[in-house]
Amino acid sequence: MSGAPGSARKHTALPKAEILIEALPWLTRHNGKVVVIKFGGNAMIDEDLKAAFAQDVVFLRQAGLKPVVVHGGGPQINAQLDRHGLVSEFKAGLRVTTPEAMDVVRMVLAGQVQRQLVGLLNQHGPLAVGMTGEDAHTITAVRHRPEIDGELVDIGRVGEITAIDTGAIEALLADGRIPVISSIARSADDDHVYNVNADTAAAALAAALGAETLMVLTDVEGLYADWPNSDEVISRLTVSELEKLLPELSSGMVPKMQGCLHAVRGGVSNARVIDGRVQHSILLEIFTDEGIGTMVVPDAEGGESA
């Protein structure tokens, strides 16, 4: 009888040990590496998901990685524009941003979304520091005019990134901090600030930082092989395979997958689109053998295992 309590303890603890052991090779592989995470979708508005996201990011930092968080704020911007009586309009998957709307975008991103996220992260210690792309010339942009039906269209204060300066981010990482960056850019050629698509900003920052991984949180399981006919997720594809698929993708998915393409082409080892509706999806993706979501890799690595 004396061995019974010990046996019970061993039985309940063993699965925890197995999980930790499974994470070991991934902890070793990612130690000291920069991981850029684009925070968006449902994870931004669900309180439980927000708290789980903050725990995941802090876990990465404490496990020896260097997380950098980039965020937009679509739902919050829409709500605030409605309060101000301003109409939300999208063209080519991008928000048409008038000067009045830009004031709201800037206020919501830097003053609301970023502050909440920094606060959640800093419940775990003096870790997170908020900044925008304007700070220390981190992101510089010019006015972006997308082509729609063969014509260039003016969509207002929407920026196309021309330069990235990683100095301030690298200084924060060297100090053990977690940079939280709002996707607003300074102008290269006028006195305005620009709204930059957060997927695009995260990809550009990942490439400039020489990140190991870009992770994009979204509201789907990953990239579907044959949507809407099938909900089978493509778990892994090369940049060339992704390039062929781009014309067939839904408008909301295009900036995310273009960002993945840009990041991997820019030297990032892999880019992943993962389901932000799943609690702790970041840890599941980085520290388990199966992973979740869709991973984009360079052409030469198409046949290797994750």
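The values are calculated or read from the model by the stated rules, or taken from the named source; none is laboratory data. These figures come from a predicted structure and were not determined experimentally. Positions of Cβ are generated from backbone atoms using ideal geometry, with glycine treated the same way; all protein chains shown enter the neighbour counts. For the accessible areas, the whole protein counts, side chains as well, though only heavy atoms, and no ligand, DNA or RNA atoms are used. Shrake-Rupley method; radii C 1.70, N 1.55, O 1.52, S 1.80 Å.
Miscellaneous remarks
- Bridges between two residues of region 124-178, per DSSP, are antiparallel at a rate of about 90%.
- Extended-chain gain in nm, criterion 0.36 nm per residue less alpha-carbon gap, Leu245 and Thr28: 74.8 nm
- Built amide H within the under 5 Å cut-off of Gly133, gap 5+: Ser182, Ile184
- Mean-square fluctuations from a GNM of the chain, with a 10 angstrom spring cutoff on Cα atoms, peak among Glu285, Glu134, Glu18 at Glu18.
- Extension gain, Ala92-Leu20: 0.36 nm per intervening residue step, less the Cα-Cα distance, totals 21.5 nm.
- Separation of the Ala188 and Ala51 label points, Cα + 7 Å toward Cβ, nm: 4.4
- Accessible-area composition of region 175-226, carbon plus sulfur, in percent [1.4 Å probe]: 36
- In this structure, the residue pairs whose Cα-Cα separation is over 25 Å, taken from Lys38/Lys91; Lys33/Lys244; Lys16/Lys38; Lys66/Lys244; Lys50/Lys91; Lys66/Lys91, are Lys33/Lys244; Lys16/Lys38; Lys66/Lys244; Lys50/Lys91; Lys66/Lys91.
- Using Cβ point charges alone (K and R +1, D and E -1), the dipole size of the chain about the Cα centre works out to roughly 1080 debye.
- Where only DSSP H runs of four or more residues are counted, the chain gives -12000 deg cm²/dmol as its mean residue ellipticity at 222 nm, each run worth -39500 (n - 2.57).
- Model label points for Thr162 and Arg145, set 7 angstrom from Cα along the Cα-to-Cβ axis, are 1.4 nm apart.
- DSSP beta bridge pairing in the chain, given as percent antiparallel to the nearest 5: 35
- Entry note, the chain: relative contact order of 20 percent, from Cα contacts under 8 Å with a spacing of 6+ residues.
- Dividing the alpha-carbon radius of gyration of region 152-238 by the rule-of-thumb value 2.2 N^0.38 Å gives 1.40.
- The Cβ shell under 11 Å around Gly176 holds other residues with a net charge of +2, Lys and Arg each +1, Asp and Glu each -1.
- Region 169-184 versus region 195-261: alpha-carbon centroid distance in Å: 23
- Accessible solvent surface per residue of region 200-284, calculated while the other protein chains remain in place, 1.4 angstrom probe, Å²: 41
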